[in-house]
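Data first, discussion second: the structure below is written as structure tokens.
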Amino acid sequence: MAYQPNDPLNPDESGEYRYQYQNIRQDVASGQRQYAPASENPLPDANQHKTGKKRRTALLLAACAVISLLCGAGGAVLAGRLGLTGSGNTVLYQSVPTQRAEYSVTGFAAIVPTVEDSVVAITTESIATSYFFRQYIMRGAGSGVILTTDGYIVTNNHVVNGAREISVTLNDGTAYEATLIGADAENDIAVLKIDASGLTPAILGDSDTLAVGEPVLAIGNPLGTLSGTVTDGIISALQRQVTIDGVAMTLMQTSAAVNPGNSGGGLFNITGELIGIVNAKSSSDSSGNAVDNIGFAIPINSVKGLIDDLVTKGYVTGRIVPGISLVDIPDERTAYYYGLDRAGVYVQSVESGSIAERSGLKAGDCILTLNGEVVSASKDVTDFLSSASVGDRVEVTVSRGGKEYSLSMVLTEYIPEGAKR
């Protein structure tokens, strides 16, 4: 093969190959190597490259020498200022003083110390009966919020309901025996009293001014062993219609973590005001799927008046309790199954001495109307009585044994036995 000038794959006239790797490039599309003419990328002069390298090395050495001199001088000055020269001591660690911004406690960290002493832990003992009619002691736990300096405390009714012994432990660890002053199952509120003074009462806020998304914190006694636990969250929703143990309630929803034992504890706003009493949480939906961060609290505005009544009277004034239990028979098929002649709202039982008994209502009566308004569900009776007032006279029409009867019911205030008068 004849010699081809500038051919990188053929020897030159001296018979030596001058193969230039720099002239090989990769064609991405074809995957084949392509060769560029040597004239386009001339081989660098090796002598010039070495000369440039020596110059750069010299400059680098000179720069290092200058930096070393400067560092040595700076180190001597620093050592002099720190008193290390001529001391003869070995210093293992020496820090240079620096400026540090002053730390400022803000947000909940500033609020917690002002409200934590207002929240107490509650433990209870009650007598329970097993399926084999054996009695045993059942212990429970919850939380409460101090209302007055002399020992009135608000909690949930379900925390203390049926308890024979109630103990309250303050944030500082001091324990007291507590007395139940009054309770209201309808609103899940109860008031306790301990023999103490100089306590730190909570400041009641205005739950009507709350907005969804507003930050809040919950303080309580989760699991009955972690008293004083603080969790934070937001108001997730207002005016939630929630049914708890068969009782319909209007509650606030919060994302603050609450657990068993938090019941009766406080829900506070960012200024440290008590705006709710924690009373429930959702742990799963109707299908059994686990859920998180869904807690509920009783708005403080809805129970302020009730708390005042419980403290001063021992019961909720103006409450009308008819003294009957009702059952809904929704259709004719269900009525036939139970041997009844029609669907409707039936009186299941009547309490002795109650308004219902005095008016002549009997178990088995089917309530047709209240003051002329048709009754189709037991909720209609509940709603009617909740809007009525003490002293009102209600005309009741019932079906009994296939005949209709008209009865007159005078609504009187319910006063539990042993309540203050």
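Every read-out reported here was derived from the displayed coordinates using simple, explicitly stated rules and does not represent laboratory data. Just so it is clear, the model here is predicted, and its values are computed rather than measured. Note that each Cβ is placed from the backbone with ideal geometry, even for glycine, and that neighbours are counted across all protein chains shown.
Spacing of the modelled spin labels on GLU125 and LYS362, each 7 Å from Cα toward Cβ, amounts to 4.7 nm. The amide H of THR369, built 1.01 Å from its N in the peptide plane, has VAL375, THR397 as neighbours under 5 Å, considering only residues 5 or more places off or on other chains. Scoring 341-352, 113-124 by mean Cβ neighbours within 10 Å over their residues and listing the highest first yields 113-124, 341-352.
In a DSSP loop and with at most 16 other Cβ atoms within 10 Å, the trypsin sites (Lys or Arg not before Pro) in region 129-221 are ARG134, ARG164. Over region 324-410, the fraction of Cα-Cα pairs per 5 Å bin, rounded to whole percents and listed from the shortest bin up, is 3, 15, 26, 29, 17, 7, 3, 1. For TYR176, TYR338, the sequence from fewest to most other C-beta atoms within 10 Å is TYR338, TYR176.
Each of the peptides 263-273, 303-313 was scored by the mean count of other Cβ atoms within 10 Å over its residues; in descending order, highest first, they stand as 263-273, 303-313. Summarising the label geometry, the points placed 7 Å from Cα in the beta-carbon direction at GLU413 and ARG134 lie 4.7 nm from one another. Put a dot 7 Å past the Cα of VAL247, heading toward its Cβ, do the same for TYR405, and the two dots end up 3.2 nm apart.
Counting every other Cβ atom within 10 Å of each residue's Cβ, ILE166, ILE415, ILE153, ILE294 order from fewest to most as ILE415, ILE294, ILE166, ILE153. The calculated FRET efficiency for the pair GLU351 and THR114, based on their C-beta separation and a Förster distance of 56 Å, comes to about 0.75. Stretched out straight at 0.36 nm per residue, the stretch from GLU373 to GLU395 would grow longer than its current Cα-Cα span by 6.9 nm. Taking amide H atoms as placed 1.01 Å from N in the peptide plane, the amide H of ILE244 lies under 5 Å from those of MET249, each 5 or more residues away in sequence or on another chain.
Subtracting the Cα-Cα distance of ALA237 and SER282 from their residue separation scaled by 0.36 nm leaves 14.8 nm. Residues SER408, SER207, ranked from the fewest to the most other C-beta atoms within 10 Å, line up as SER408, SER207.
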